[in-house]
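Enquirer: Sharing a structure here in structure tokens format.
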Amino acid sequence: MNKTTNTLLQLLLLLAILLLFAGVVGATELDHVVDVQKYNRAIHIMAMLLAGFGFLMVFVKKYGRSAVTATYLLVSVAIPL
């Protein structure tokens, strides 16, 4: 087999695998994957809010504790949404 035939065979195999995957995986499963990705993004944003803003405001003398409390309350209300 020469290089051209080998490359063509690999492309046909790749196309067959993609078509099999498209036939096996339905649209509902892909929607589920998108929902999981959205959930993961929301969790990362909540962690950023808690760790980033909440603990950064601890070092402010006058409003440190109230800022952390407000951040925790905001995140605890936003998590179920």
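The values are calculated or read from the model by the stated rules, or taken from the named source; none is laboratory data. Small disclaimer: the values here were computed from a predicted structure and weren't measured. No Cβ is skipped: glycine too gets one built from the backbone with ideal geometry, and neighbour counts run over all protein chains shown.
Enquirer: Tally up the residues in segment 43-81 that are within 27 Å of the chain's Cα centre (by Cα), surrounded by fewer than 10 Cβ atoms within 10 Å (Cβ to Cβ) and modelled with pLDDT under 75, please.
Expert: 2
Enquirer: May I pose another question? Of everything in segment 1-28 that's surrounded by 10 or more Cβ atoms within 10 Å (Cβ to Cβ) and at pLDDT below 75, which residue is farthest from VAL68 (Cα to Cα)?
Expert: Filtering first and then ranking leaves LEU20.
Enquirer: Then there is this: When residues of segment 43-81 are filtered for being in contact (Cβ under 8 Å) with a residue 12 or more places away in the chain and part of a helix (DSSP H, G or I), how many remain? I'd like the intermediate steps shown before the answer.
Expert: Applying the first criterion (in contact (Cβ under 8 Å) with a residue 12 or more places away in the chain) to segment 43-81 yields 46, 49-50, 53-55, 57, 67-68, 71-72, 74-75, 78-79.
Now drop any that are not part of a helix (DSSP H, G or I), which leaves 46, 49-50, 53-55, 57, 67-68, 71-72, 74-75, 78.
The qualifying residues number 14.
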